[in-house]
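Okay, so here's the structure we're looking at.
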Amino acid sequence: MGDYVWFHDVSWHASYAVYFFVIGILAGLSFMSYGSWITPGLRPLREKAAYGSIGLLALGGLLLIADLSQPMRFLNILNPGYLNFSSPLAWGALNIVAFGICSVLYILALKKGDEARGKLLALVTAVLALGLPVYTGFDLTVHQSRPVWNSPIIPVLFVAMAIASGSAVGSLMAMGNDEAQKVLRQYMLWSAGAVSVMLVSVMGTTNYGGSAQELTFMIMTTGTMGLLFVGVGFLAGSVAPAVLLFAPMGKSQLVLMASALLILVGGAALRYVLLMAPQQLQTLY
Amino acid sequence: MSEELRVSPIETRGVAGKRRFAMVVDTRRCIGCMACQVACKAEYDTPLGVNRTWVPYKVVGKYPNVKKQFLPRLCNHCDDAPCVRNCPVEATFKVEDGGFILQRYERCIGCRSCMAACPYNARFMLPSHRTYTPITNVVDKCTFCFHRVTQNLVPACVQTCIGRSRVFGDINDPNSEVSWLVATNATQVLRPEEGTKPHVFYIGADRNATEFGRDAYRQPEVMELDRSAFKRNFKI
């Protein structure tokens, strides 16, 4: 076309998508662990989910720090003299630290067998866990120039994906336990359904937006990105599990496992595309 | 800007007693010599592959009636800068007197949130190896030559501009050249819909050239091939 296009780099690379995936699962597991205090069917998951959650927090934290170009300066983000509260990253850092501390206290209470304190700490940990997908969603939402990201639905979508991923991992952890699977089937079914509906909404509003939105829609629905977003993320990772779990055979162990795996693969693909695709167009500006 | 239109408390345009530096780029006078880019590189030792200012062009028209349209680009030193809002450690900040958006290199953690927030791609990550300066692995950008302006000099790109396409000054001063140019010419800023209130004003810029080019409509895979070809020689 004769244009001299100046290519810029994307700001956030795929490692950030892995972080989103890990933080979603750990938040979901934290919900499951708290759920075990209310729903007896989830009782076998209580300790397993709590340990899994803190293990993934360590992994996610390391990923996040390693992704900084000045990893040793991660402490700057916890320096009260530096903190900028208009940035969601600052709130996110505080949320992660508070979640980590509460998770450790919760596990200690579980080890001691202190039921009263354990239940209270499970609640606090779950509330802080809710903040993790919310803050990661806001990380994207605040960028007003980015199509898809700059939408109020993104934090809600991330919460739904966290519940879906967390219950999918919970389902794999509680394999063979019918009581737990009964509850987790419901979690997976409705969260995968909610994710599907929100993705339709995201695609619709993006397609009917301005030029940047229109181009981003093209990037998200064609080529490799299209295969990942529409094929793996939307159809295989959200719609298919919702349909499978809703169908009469949805209570069988095999379908539950297959749905859990599909949700996890789809969740990873969705996070990748939601992070990378809206950055592609901006690199051409 | 009138008092009523000022929506953010950090905006300084039109505030009495405060300077608000701005640049006017007259694209009709730009000849695409890239001297501004070279002057900037020389001033800051900006490494290969990244630029504080750059001059993309677009060939418009149909042969034999064709011409190149240049659109010099740099940080817009926005009055309501999204990068300042998004930096978690206040490494990016706004100088109240002058409106410069600057970077504290020693505080930057390299999270690239400011890069994601900038609608103009004005920010970039400095590579890990540099020849003359130890400032590496942090985000960098145009400073409007803060160090020169505070010494009553104009920015290096303005100083060197052979066609006087770039004009720099205090837009809050009604007697400055930039005030006069903005008042007496039709100007436009880049992506005004983002609400950032940029302070680089363009005279004679074609709106078609300031939006996403037709190249953006190509398949992402084709763009990726172009991108890798473009970046092939810039592995630092």
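Select, from A:Leu270, A:Leu244, A:Leu261, the only residue that is within 17 Å of A:Met173 (Cβ to Cβ), away from chain B (no Cβ under 14 Å) and either at pLDDT below 95 or part of a helix (DSSP H, G or I) (or both).
Result of the check over A:Leu270, A:Leu244, A:Leu261: A:Leu261.
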Checklist entry - In the set A:Met203, A:Met220, A:Met188, which member is part of a helix (DSSP H, G or I) and surrounded by fewer than 22 Cβ atoms within 10 Å (Cβ to Cβ)? => result A:Met203
Next on the checklist: When the residues of the range B:190-212 are narrowed to those that are part of a loop (DSSP other than H, G, I, E, B), surrounded by fewer than 19 Cβ atoms within 10 Å (Cβ to Cβ) and within 9 Å of chain A (Cβ to nearest Cβ), which ends up modelled with the lowest pLDDT?
Outcome noted: B:Phe212
Checklist entry - Mind checking which residues of the range B:54-79 are within 11 Å of chain A (Cβ to nearest Cβ), crowded, with 19+ Cβ neighbours inside 10 Å and within 23 Å of B:Arg112 (Cβ to Cβ)? => result B:Trp54, B:Arg73
Checklist entry - What residue, among those in the range A:109-167 that are in contact (Cβ under 8 Å) with a residue 24 or more places away in the chain and of a type in the set (Lys, Arg), is surrounded by the fewest Cβ atoms within 10 Å (Cβ to Cβ)? => result A:Lys119
Item to check | Residue count for the range A:43-68, restricted to those that are within 14 Å of chain B (Cβ to nearest Cβ) and more than 15 Å from A:Val18 (Cβ to Cβ) | outcome: 0
Next on the checklist: For the structure I just gave you, tell me whether B:Ala91 is under 26 Å from B:Glu211 (Cβ atoms), surrounded by 20 or more Cβ atoms within 10 Å (Cβ to Cβ), hydrophobic (A, V, I, L, M, F, W, C) and in contact with a Lys or Arg (Cβ under 6 Å, 6 or more places away or on another chain).
Outcome noted: no
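Residue-by-condition table, conditions (1) free of Cβ contacts under 8 Å to residues at least 40 places away in the same chain; (2) touching a Cys at 6+ places or on another chain (Cβ under 6 Å); (3) closer than 25 Å to A:Ala93 by Cα:
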position: B:Cys78; (1), (2), (3): no, no, no
position: B:Gln103; (1), (2), (3): no, no, yes
position: B:Met115; (1), (2), (3): yes, no, yes
position: B:Arg123; (1), (2), (3): no, yes, yes
position: B:His129; (1), (2), (3): no, no, no
position: B:Asp140; (1), (2), (3): no, no, yes
position: B:Ser165; (1), (2), (3): no, yes, no
position: B:Asn175; (1), (2), (3): yes, no, no
position: B:Leu181; (1), (2), (3): no, no, no
Checklist entry - Is there a residue in the range A:134-145 that is of a type outside the set (A, V, I, L, M) and touching a Gly at 6+ places or on another chain (Cβ under 6 Å)? => result yes
Checklist entry - Can you name the residue in the range B:45-61 that is free of Cβ contacts under 8 Å to residues at least 60 places away in the same chain and assigned to a loop (DSSP other than H, G, I, E, B) and, of all such residues, is nearest to B:Glu211 (Cα to Cα)? => result B:Pro56
Next on the checklist: I need a count of the residues in the range A:273-285 that are more than 10 Å from chain B (Cβ to nearest Cβ) and among the β-branched types (Val, Ile, Thr).
Outcome noted: 1
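The values are calculated or read from the model by the stated rules, or taken from the named source; none is laboratory data. Please read all numbers here as calculations on a predicted model, not as lab measurements. So basically every Cβ, Gly included, is an ideal-geometry build from the backbone, and we count neighbours across all protein chains shown.
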